[in-house]
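First the structure, in the form of structure tokens, and then the observations on it.
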Amino acid sequence: MQTNFTAELLATDRGQRANEILRSCVHCGFCNATCPTYQLTGDELDGPRGRIYLIRDLLEGVDDSTRSQMHLDRCLTCRACETTCPSGVAYGELAEIARNELGPSRRGIKGWMRLFIRWLVPDASRLRRMARLGKITRPFIPARLKQHIPQRIGKRVEANAQHTRKVLLLNGCAQQVATENTNKHLRDLLDQQGIGVEVASDEGCCGALDLHLGDESKALDRVRRNVDALSAHLDSCEAIISTASGCGVTLKDYGRLLAADSEYAEAAALVSAATLDVVEFVERAALDLRKRDDIDRVAWHAPCSLQHGMQITGSVERCLESAGYELVPIKDPHLCCGSAGSYSMLEPEMSDELGRRKVEALLQNDPEIIATANVGCQSHLGHRTGVPVVHWLELLV
Ligand code: SF4
Ligand code: SF4
């Protein structure tokens, strides 16, 4: 794709990188075929190719930002387009540059919602207090928001460092409140196999939320804080483990995010290199995997952050099958379920429709349970079906 950036923009790291990414796109449109939002609206500007044109125009100053804003806000950042693209266009990184250009503010109710989400979600204590309040006042809360109140409000998982072998387990922000069983279950599984767990007391939100909502500066503050908190454990732990793929994919990116920060670049790269999604650790450590007696047929939903962000495919399936589960076939497994972090609150119509289609695909072959690997997908799918939705780790005993 041709670009016409000003010399001023090209003199910046972000301008140079955006130019490089834009020029790698040959506008073939293959990516549109796997874009969930393009499938919903059929509008070229709701597909990756159209968004790439919009981003170019935005950065060149020839687009009115309202139009870019609308179509970029509708993008899930699922990165299915990256998996499909034959030219290796780094769409996720380009979208991040464009979102930062647009900034986090929006007009009207959406603007207030964005402020509220960014205030609430990254702070686990605040989120826990709000979830408790939500449970008490549930009958008076609009149906739209009710679905975001967890059935059970979780706590942080504490360390269990009595073994010589140890890993550093991320507690995350939303995950510890909405799906605490995941990390508890992992800690018990590892304990049985002689591996202890450390936790970083001052660990916080990974920064993904602010990054996706266009506040890179705030996101990088969170990243630096985490680099300080996690680095202190690198000598005693063999890996940093994330059981929420949405956080793991961001931690693996810390090295890139802080590459230009002379004070943090090296430490951030070390944190990224030490980070593993839990399935990578399970396979690497060759853990003994046993299935539950009460369940046989499982529908597996691969989160986008796992399959497109980290490009991990087939690993969870291998683990579950080697434990003895039967995985039922799923239509369009590459498509996002519509959760996508704060997307389900900010773009409810598209999110609901994607959720409805995903549940239909998952239930088509009568599974007894649905397994996934990210807190967002688990919660989003969980209140759309009577079939239980769990983290895949919970299927191992
Ligand atoms: S598939 Fe890749 S090269 Fe083709 S239009 Fe999409 S992003 Fe551009
Ligand atoms: S990230 Fe997902 S929603 Fe956004 S353009 Fe790519 S495929 Fe479409």
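The values are calculated or read from the model by the stated rules, or taken from the named source; none is laboratory data. These numbers were taken from a predicted model, which means no experiment stands behind them. Cβ placement follows ideal geometry from the backbone for every residue including glycine, while neighbour counts extend to all protein chains displayed. Areas reflect the complete protein model, heavy atoms only, side chains present, ligands, DNA and RNA absent. Shrake-Rupley method; radii C 1.70, N 1.55, O 1.52, S 1.80 Å.
The condition of being closer than 23 Å to Ile153 by Cα and either among the basic types (Lys, Arg) or touching a Ser or Thr at 6+ places or on another chain (Cβ under 7 Å) (or both) holds for only one of Ser344, Ser351, Ser305, that being Ser344. Of the helices (runs of 4 or more DSSP H) lying entirely inside region 1-103, those containing at least 3 residues that are more than 10 Å from ligand 2 (Cβ to nearest atom) and not acidic (Asp, Glu) are 7-10, 13-24, 48-60, 65-73, 91-102.
Taken residue by residue, region 304-321 has at least one member that is without any contact (Cβ under 8 Å) to a residue 60 or more places away in the chain, of a type outside the set (Val, Ile, Thr), outside the structural domain of Val89 (by TED's automatic domain parsing) and touching a strand residue (DSSP E or B) at 6+ places or on another chain (Cβ under 7 Å).
Of Lys218, Lys184, Lys252, all but one fail to be over 30 Å from His71 (Cβ atoms) and open to solvent by 20 Å² or more (accessible area, probe 1.4 Å); the exception is Lys184.
Pick from region 216-234 the residues that are of a type in the set (A, V, I, L, M) and within 12 Å of Leu258 (Cβ to Cβ): which of them is farthest from the chain's Cα centre (by Cα)? I'd like the intermediate steps shown before the answer.
The first filter runs over region 216-234 and keeps only residues of a type in the set (A, V, I, L, M), leaving 219-220, 223, 227, 229-230, 232, 234.
With within 12 Å of Leu258 (Cβ to Cβ) added as a condition, the list becomes 219-220, 223, 227.
Details: Ala219: 14, Leu220: 17, Val223: 15, Val227: 19 Å.
Here the residue is Val227.
For region 297-355, taking the residues that are of a type outside the set (Phe, Trp, Tyr) and assigned to a strand (DSSP E or B), the one that is most open to solvent (accessible area, probe 1.4 Å) is identified as Glu326.
Considering only residues that are of a type in the set (Lys, Arg) and assigned to a helix (DSSP H, G or I), which ones fall in region 356-384? Can you show your working first?
So the first thing to find is which residues in region 356-384 are of a type in the set (Lys, Arg), and the list is 356-358, 384.
Selection gives Arg356, Arg357, Lys358.
For region 21-33, indicate whether the set of residues that are away from ligand 1 (no atom under 13 Å from the Cβ) and open to solvent by less than 20 Å² (accessible area, probe 1.4 Å) is non-empty. First the steps, then the outcome.
Of region 21-33, the ones away from ligand 1 (no atom under 13 Å from the Cβ) are none.
Among the residues of region 21-33, not one is away from ligand 1 (no atom under 13 Å from the Cβ) and open to solvent by less than 20 Å² (accessible area, probe 1.4 Å), which makes the answer no.
Out of all the residues in region 168-176, is one or more part of a loop (DSSP other than H, G, I, E, B), touching a strand residue (DSSP E or B) at 6+ places or on another chain (Cβ under 8 Å) and either within 24 Å of Arg129 (Cα to Cα) or hydroxyl-bearing (Ser, Thr, Tyr) (or both)?
Step one: filter region 168-176 for residues part of a loop (DSSP other than H, G, I, E, B), giving 170-173.
From what is left, the residues that are touching a strand residue (DSSP E or B) at 6+ places or on another chain (Cβ under 8 Å) are 170, 172.
In the following step, the residues that additionally are either within 24 Å of Arg129 (Cα to Cα) or hydroxyl-bearing (Ser, Thr, Tyr) (or both) were identified as 170, 172.
Yes, region 168-176 has at least one match.
The residue that is surrounded by the most Cβ atoms within 10 Å (Cβ to Cβ), counting only those in region 106-157 that are within 15 Å of Asp215 (Cβ to Cβ) and without any contact (Cβ under 8 Å) to a residue 12 or more places away in the chain, is Leu120.
Flag: Thr77 does not match the condition of being open to solvent by 60 Å² or more (accessible area, probe 1.4 Å) and either among the charged types (D, E, K, R) or more than 14 Å from ligand 1 (Cβ to nearest atom) (or both).
Going residue by residue through region 91-108, is there one that turns out to be within 11 Å of ligand 1 (Cβ to nearest atom) and aliphatic (A, V, I, L, M)? Checked against the condition, which is being within 11 Å of ligand 1 (Cβ to nearest atom) and aliphatic (A, V, I, L, M), region 91-108 yields at least one hit.
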